[in-house]
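Written out below as structure tokens is the structure these notes cover.
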Amino acid sequence: MHPSCRTLAILPVLLLLAQTQGAEPATTSPALRCETILVESSHAEGEWSGIHAAEYLIRLNESPKALAAFRPLAECMTPQYRIGVWRVLAQAEPAPQDKARYIEKIRSVLLDDTADDRLHALESLAKLHVSIEAPGELEIVERLADSADYPGRSFAIWRLMQAKPTPKLLDLLMDELKTEDDVRRLRAAFVLGQWKPLPAADQAKLRQLSASEPLESIVFPYLAIAAGQGETKRLAESKNAAHRALALKELTIEGSAVKVDPAVDLADDAPLALRQAASFALLMKRPNETADAN
């Protein structure tokens, strides 16, 4: 962890611990338990689980809680992680000028061909649906999308599709699934899962690919999500906690009904990713209970 991140993160973590220290009530409502999971994990300095927790809070209209964890990290310069910090702040800050400031920080990394985290900047700009505006930015994105060897090619294609979707770009993205690099295939499947609706022919092909992909493959859950809601719902019933977490998140964002068992999915020994996704699903499902808990 870069010293600038560690030092800046200490104060909010100490404040959080001071607020939560002491005897806990004998029973805690599921909504309060869910909020605690997300708020506490958002303070995990240097961890991407903290980024994910903050983004859940933002989707739940709890941006102030995300800001409490990430404003102190605004000047963090640790490659890769800084992109996540700025992505959170670009979403959580209430003032348009502050949102724009963090978007430009991310864009500046994309424009820097010496930056180690250029790929992460490209990915985050796509996730934020930021338009291609800066001088030379379109040329860079097009070059990366045309590069058959670039590991983040799918993210470049995604940004071009956001600007002007074409069958050719979609074909390039589907072609990324044919590479032998599982990480590249994962990225392509992830992007396809975010691009909706897909043509029926591509959706059918993704169902075929999902059916033939080994369950233990890192690509499998992303292919299943890209294959459509039916496959995603089946994934949500998986015994694999990581797969279930991904499915719960996607289905909740789509507004689909999900089944969450607090006793299992929020248990202390459940993986953090599952506890976070289950918390998000329950809080989205029970806004009234959440309001009472606050």
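Put simply, of ALA201, ALA247 the only residue that is surrounded by 22 or more Cβ atoms within 10 Å (Cβ to Cβ) and at pLDDT 95 or above is ALA247. Residue pairs whose Cβ atoms lie under 9 Å apart, separated by 6 or more positions or on different chains, with the first residue in the range 156-168 and under 16 Å from GLU123 (Cβ atoms) and the second aromatic (Phe, Trp, Tyr), are ALA156/TYR150; TRP158/TRP195; MET161/TRP195. Restricting GLU75, GLU40, GLU62, GLU45 to residues that are modelled with pLDDT under 95 and either at positive phi or of a type in the set (Asp, Glu) (or both) narrows the list to GLU45. Looking across LEU186, LEU169, LEU173, one residue alone is out of contact with any Phe, Trp or Tyr (no Cβ under 8 Å at 6 or more places or on another chain) and among the hydrophobic types (A, V, I, L, M, F, W, C). It is LEU169. All of ARG275, ARG207, ARG244, ARG184 fail the test of being of a type outside the set (Asp, Glu), in contact with a helix residue (DSSP H, G or I) (Cβ under 7 Å, 6 or more places away or on another chain) and in contact (Cβ under 8 Å) with a residue 40 or more places away in the chain, apart from ARG275. Taken over the range 119-160, residues that are crowded, with 20+ Cβ neighbours inside 10 Å and part of a helix (DSSP H, G or I) amount to 19. Taking the listed residues ALA277, ALA281, ALA257, the one that is small (Gly, Ala, Ser) and modelled with pLDDT under 95 is ALA257, with no other qualifying. For the range 66-93, filtering for residues that are surrounded by fewer than 20 Cβ atoms within 10 Å (Cβ to Cβ) and in contact with a Ser or Thr (Cβ under 7 Å, 6 or more places away or on another chain) leaves 2. Restricting the search to helices (runs of 4 or more DSSP H) fully inside the range 193-294 and requiring at least 3 residues that are closer than 23 Å to ALA53 by Cα and more than 20 Å from the chain's Cα centre (by Cα) gives 262-265, 287-293.
All of (1) among the charged types (D, E, K, R); (2) free of Cβ contacts under 8 Å to residues at least 24 places away in the same chain; (3) over 19 Å from ILE140 (Cβ atoms) hold for LYS105 with one exception: (3).
Within the range 69-91, residues that are closer than 12 Å to GLU45 by Cβ have Cβ atoms under 8 Å from residues that are among the small types (Gly, Ala, Ser) and surrounded by fewer than 21 Cβ atoms within 10 Å (Cβ to Cβ) in these pairs: CYS76/SER4; THR78/SER4; THR78/GLY46; TYR81/GLY46; VAL85/ALA74, counting only partners at least 6 apart in sequence or on another chain.
The values are calculated or read from the model by the stated rules, or taken from the named source; none is laboratory data. Because the structure is a prediction, the values reported are computed rather than measured. So basically every Cβ, Gly included, is an ideal-geometry build from the backbone, and we count neighbours across all protein chains shown.
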